Amino acid sequence: MIRNRTVAALIAEAIGTFLFFFVGAGSVVLGDYLGAHGGSGPGLLGVALAHGLALAVLASALGAVSGAHFNPAVTLAVWIVGKISPMRSALYVLAQLIGALAAGLALKAVFADSWQASNIGTPALGPGISPLAGIATEAVLTALLVLVVCGTAIDSRAPKIGGLAIGLAVAADLLVGGPLTGAAMNPARWFGPAVAAGAYADWYVWWIGPAIGAAAAALLYRTTLAEAC
């Protein structure tokens, strides 16, 4: 039987993922919407800030409930460092995917006439970026994110700064990787918009890359950095 605390954590993961992606992916679709109506979109900086700020406040608000993963790659990393059980990890990922799909469907409904250009903000490879290069890029970007998560949210020595550092890591990654791969760093960030839009091109990039980066960073932290004084 799933305990009440676990139920609360799963609800927090689903809601947090939904809100994170509604704002983050929504900022991408907003650019299409404003462009179609004679305005100018938020641009790369605006998209990066939308993702980063949304994650920072949601991680601060819901971290005490679930740890505020909102990302299967982060859940993988937390499992590798030994802070979550395999069963709870699987439930977290399911909740995240549900929240992600709900966000994709909600954005499709809100931007009924303008979601097509970006496929509801589905991450995509930039011009000249091969799938292998995309996987490598996503791995590096995710590794940065996971190192920040481990160092500021998991380590008992971590500074008490809420989700600020994690949000800043996502914003920084987007500023560099956004034009290359969409800088998802998160399989669920691809999954929700992609399923809602029916856009599955190069789908494996946003599963393999984040998984590799998260695993590498988590292993490094667990075997080396966590032991440093």
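Residues that are modelled with pLDDT of 95 or more, within 15 Å of F70 (Cα to Cα) and touching a Pro at 6+ places or on another chain (Cβ under 7 Å) do occur in region 207-227, at least one of them. For the residues A61, A50, A54, A12, the requirement of being modelled with pLDDT of 95 or more, closer than 14 Å to A153 by Cβ and in a helix (DSSP H, G or I) singles out A61. If you go through region 30-41 one residue at a time, do you hit one that is surrounded by 19 or more Cβ atoms within 10 Å (Cβ to Cβ) and closer than 18 Å to N186 by Cα? Scanning region 30-41, I find no residue that is surrounded by 19 or more Cβ atoms within 10 Å (Cβ to Cβ) and closer than 18 Å to N186 by Cα, so the answer is no. Restricted to region 152-229, the set of helices (runs of 4 or more DSSP H) holding at least 1 residues that are in contact (Cβ under 8 Å) with a residue 40 or more places away in the chain and more than 23 Å from A54 (Cα to Cα) comprises 205-223.
Given G41, G26, which one is assigned to a loop (DSSP other than H, G, I, E, B) and within 24 Å of A194 (Cα to Cα)?
Numbers: G26 fails: assigned to a loop (DSSP other than H, G, I, E, B).
Unique residue meeting the criteria: G41.
Being touching an Asp or Glu at 6+ places or on another chain (Cβ under 7 Å) and either crowded, with 22+ Cβ neighbours inside 10 Å or without any contact (Cβ under 8 Å) to a residue 40 or more places away in the chain (or both) is true for just one of H69, H51. Which residue is that? I'd like the intermediate steps shown before the answer.
Numbers: H51 fails: touching an Asp or Glu at 6+ places or on another chain (Cβ under 7 Å).
Answer to the check: H69.
Scanning region 188-215 for residues that are surrounded by fewer than 24 Cβ atoms within 10 Å (Cβ to Cβ), closer than 18 Å to I120 by Cβ and β-branched (V, I, T) yields a single hit, V195. Checking each residue of region 117-129 against the condition of being closer than 18 Å to A59 by Cα and either surrounded by 19 or more Cβ atoms within 10 Å (Cβ to Cβ) or under 12 Å from the mean Cα position of the chain (by Cα) (or both) gives no match.
On the stretch given as region 73-90, residues that are surrounded by fewer than 16 Cβ atoms within 10 Å (Cβ to Cβ) and closer than 17 Å to P187 by Cβ total 1.
Among residues of region 82-109 that are touching a residue at least 12 places away in the same chain (Cβ under 8 Å) and part of a loop (DSSP other than H, G, I, E, B), those with a Cβ under 7 angstrom from a residue that is surrounded by 19 or more Cβ atoms within 10 Å (Cβ to Cβ) and among the hydroxyl-bearing types (S, T, Y), sequence gap 6+ or separate chain, pair up as I84/T75.
Checking the condition on the phi > 0 side of the Ramachandran plot and charged (D, E, K, R), which residue from D202, D155, D173 passes? Break it down stepwise before answering.
Details: D155 fails: on the phi > 0 side of the Ramachandran plot; D173 fails: on the phi > 0 side of the Ramachandran plot.
Testing whether each residue is on the phi > 0 side of the Ramachandran plot and charged (D, E, K, R) leaves just D202.
Can you confirm whether region 167-187 contains a residue that is touching a Gly at 6+ places or on another chain (Cβ under 6 Å), of a type outside the set (G, A, S), buried (at least 21 other Cβ atoms within 10 Å of the Cβ) and under 23 Å from G67 (Cα atoms)? Yes.
The values are calculated or read from the model by the stated rules, or taken from the named source; none is laboratory data. Everything numeric here is computed off the predicted structure, so don't read it as measured data. A quick note on method: Cβ atoms are made from the backbone with ideal geometry, for glycine too, and the neighbour counts reach across all protein chains shown.
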